[in-house]
Amino acid sequence: QVQLVESGGGLVQAGESLRLSCAASRSTFRFDAMGWYRQAPGTQRELVATITSSGRTNYADSVKGRFTISRDNAKNTVFLQMNSLKPEDTAVYYCTGQNPLTRRDYWGQGTQVTVSS
């Protein structure tokens, strides 16, 4: 089955940067839209950023200007460059990818990002 695997999370101090990666395995298709979500303790999962197959992006207001989403279509990989990190960015970050044929959304296991003040 198709799986998405995130990497790049960690513990950093406020103002520092991290780059998250998410790669597909066992996939025989290229994902349509891809994106990143996050969930902090005691909160609902929220959308962080999305990117279409053509490269059009959208961001949550809370990360606009600080985060950048990008993708490599040939490798079915999506990235999230996170700059100027704040303690409120602390969360588990999940990547998603949409199967263009079935419209099914695949989810990764998540990677922890912790930002200390």
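General observations
- S62 accessible area, assembled protein chains, probe 1.4 Å, Å²: 60
- The relative contact order of region 20-117, computed from alpha carbon pairs under 8 Å that lie at least 6 residues apart in sequence, is 31 percent.
- Pairs of Cα atoms nearer than 8 Å and 6+ residues apart set the relative contact order; for region 66-117 it is 31 percent.
- Within region 9-117, the GluC sites (Glu not before Pro) that combine a DSSP coil assignment with at most 14 other C-beta atoms in a 10 angstrom radius are E16.
- Compared with the direct C-alpha span, the chain from Q109 to A40 gains 23.4 nm at full extension, assuming 0.36 nm per residue.
- Extension gain (nm, one decimal) between D61 and Q13, 0.36 nm per residue minus Cα-Cα: 15.1 nm
- What the chain shows is 54 Å² of accessible area per residue, with the surface traced by a 1.4 Å probe over protein heavy atoms.
- Order of exposure, largest accessible area first, which applies to D61, D32 with probe 1.4 Å: D61, D32
- Local net charge near A33, Cβ-Cβ under 15 Å (Lys/Arg +1, Asp/Glu -1): +2
- Positive contributions from Lys and Arg (+1) and negative ones from Asp and Glu (-1), summed over other residues with Cβ under 11 Å from the Cβ of A14, come out at -2.
- Karplus-derived 3J(HN,Hα), 6.51/-1.76/1.60, for each residue of region 96-108, Hz, glycine and proline x: 9, x, 9, 5, x, 8, 9, 6, 5, 9, 9, 10, x
- Estimated FRET transfer efficiency (N83, F29; beta-carbon r; R0 35 Å; 0.05): 0.65
The values are calculated or read from the model by the stated rules, or taken from the named source; none is laboratory data. Predicted model, so just to flag it, every value in this text is computed and none were measured. Here Cβ is always computed from backbone atoms with ideal geometry, including for glycine, and neighbour counts include all displayed protein chains. Keep in mind that these areas ignore ligands, DNA and RNA; they rest on the heavy atoms of the full protein, side chains included. Shrake-Rupley method; radii C 1.70, N 1.55, O 1.52, S 1.80 Å.
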